[in-house]
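S.K.: Take this structure first; my questions come after.
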Amino acid sequence: MIYGYTRVNFGDDLFFKILVERYPEVEFYMLAEDDYSSIIRRSNFHSMRRNRINKIFASHIPYQFYLYRFDAVICIGGSIFMEMGMSGNNRIVRFLLKYKRKFPSVPIYIVGSNYGPEQTTAFRESVKELFTLVESVTLRDSVSHNIFKDNPRVAYAPDVIFQLALESKGDAQNNIVGFSLIDLPSRQSLSQYNEQYEKFILHHISNAIAEGKSIRLFSFCNYESDNLVCERIVAQLGEEEQKYVEIVAYDGEIESFLNSLKEVDLLYASRFHAAILGILMQIPTIPVVYSDKTINVMLDLRYKGDIVDIRSLGEITRDLTIQVMERRVIDELIKSSQNHFRLIDELVTQK
């Protein structure tokens, strides 16, 4: 069983793609709101639609899975251990604990996450309990790993996306500047920064157009309203400037979205995985971050360029330093990222 974020989010869908393609001999099952078989088009992948009864009575907990004993459960995702509200728990923690108690002999692997933000000590304690019961946990930043470092089941590895078989962009110039955007008004803790954020984006779009560049605005997740902020930005541009702007919204077509991203010459990356993909493909990338998770990972990657923090933008017109990482460093990250799957490799070999 695969358990993850199934809202047609580009970063999470890349996780699913990498996992399923890594183990073609394994039959994977996933419960989702949408028909994911049209997104992960592999014969060893089976998507089951979350039914109406489950939505109404189970608060989106996939209770159907409690009826089945799988050979293993793989919980794969990035920001999946965030405390929602003041409950001291979250949906994924509750589900995995319940499944482990029902099927104690079924191994559970947690792959590619970070931890936090947290609001209560009860939440941290529930996550600690879960991490002692599962077979392994791999976290994608050292700050998260340090919280649980006393647990031998918890390890660190660079982001799962480094496992994508992507070549460097190369020297070809397409005269395109890309912007991966997020919708701040839909995020309560970030809405106060929206005016300054959109001014920053508009300033750099106008500058790029003045330099003769075309613009691509990327929506990584329409469910989280990325497409709406793209439309708002276009609406604030002049009629002439709008002619140079294209919105590219991810709709489940992984390869075409990747190709559109690969063609940009410079990338302003608000989405976490836009920054990771830019680094992986050696596209000059400016991380425009909205949470500490991206800052923590950039520090782990020893990124030397400027990191623009939405929460403290300051002067939006200042010059920015960009670092394109050497291929040698990227190859090391790709190799280290394999550690996310080390114990799953052993399981599959045994089976």
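The values are calculated or read from the model by the stated rules, or taken from the named source; none is laboratory data. Bear in mind the structure is a predicted one, so any value in this text is a computation, not a measurement. Here the Cβ positions follow ideal geometry from the backbone for every residue, glycine too, while neighbour counts run over all protein chains shown.
S.K.: Just to be sure before I move on: is Y223 assigned to a strand (DSSP E or B) and either outside the structural domain of T321 (by TED's automatic domain parsing) or at negative phi (or both) in the structure I sent?
M.R.: So Y223 does not fit the description; no.
S.K.: Okay, moving on. Which condition number does K128 fail, the rest of (1) out of contact with any helix residue (DSSP H, G or I) (no Cβ under 9 Å at 6 or more places or on another chain); (2) under 16 Å from M82 (Cα atoms) being met?
M.R.: (1)
S.K.: Looking at Y99, is it crowded, with 18+ Cβ neighbours inside 10 Å, at pLDDT 95 or above and either outside any helix (DSSP H, G or I) or assigned by TED's automatic domain parsing to the domain that holds D150 (or both)?
M.R.: no
S.K.: Which one is surrounded by the fewest Cβ atoms within 10 Å (Cβ to Cβ), of the residues in the range 170-181 that are over 21 Å from the mean Cα position of the chain (by Cα) and assigned to a loop (DSSP other than H, G, I, E, B)?
M.R.: This residue is D171.
S.K.: For the range 182-209, which residues satisfy the criterion of being surrounded by 15 or more Cβ atoms within 10 Å (Cβ to Cβ) and outside any helix (DSSP H, G or I)?
M.R.: Once the filter is applied, which keeps residues that are surrounded by 15 or more Cβ atoms within 10 Å (Cβ to Cβ) and outside any helix (DSSP H, G or I), the range 182-209 yields I182, D183, R187, L190.
S.K.: Another one. Give me the helices (runs of 4 or more DSSP H) completely within the range 259-345, filtered to those with at least 2 residues that are touching a strand residue (DSSP E or B) at 6+ places or on another chain (Cβ under 7 Å), assigned by TED's automatic domain parsing to the domain that holds I209 and crowded, with 17+ Cβ neighbours inside 10 Å, ordered by residue number.
M.R.: 272-280, 292-300
S.K.: Give me the residue from the range 210-228 that is more than 15 Å from D12 (Cβ to Cβ) and of a type in the set (A, V, I, L, M, F, W, C) and, out of that set, surrounded by the most Cβ atoms within 10 Å (Cβ to Cβ).
M.R.: Residue satisfying both the conditions and the ranking: F218.
S.K.: For the range 137-156, what are the residues that are within 24 Å of V348 (Cβ to Cβ), touching a residue at least 40 places away in the same chain (Cβ under 8 Å) and surrounded by 22 or more Cβ atoms within 10 Å (Cβ to Cβ)?
M.R.: Passing the criteria: T138, R140.
S.K.: Scan the range 299-315 and report the pairs whose first residue is touching a residue at least 12 places away in the same chain (Cβ under 8 Å) and of a type in the set (F, W, Y) and whose second residue is part of a loop (DSSP other than H, G, I, E, B) and surrounded by 14 or more Cβ atoms within 10 Å (Cβ to Cβ), with Cβ atoms within less than 7 Å and a gap of 6+ or a chain change.
M.R.: Final answer for the pair search is Y303/Q323.
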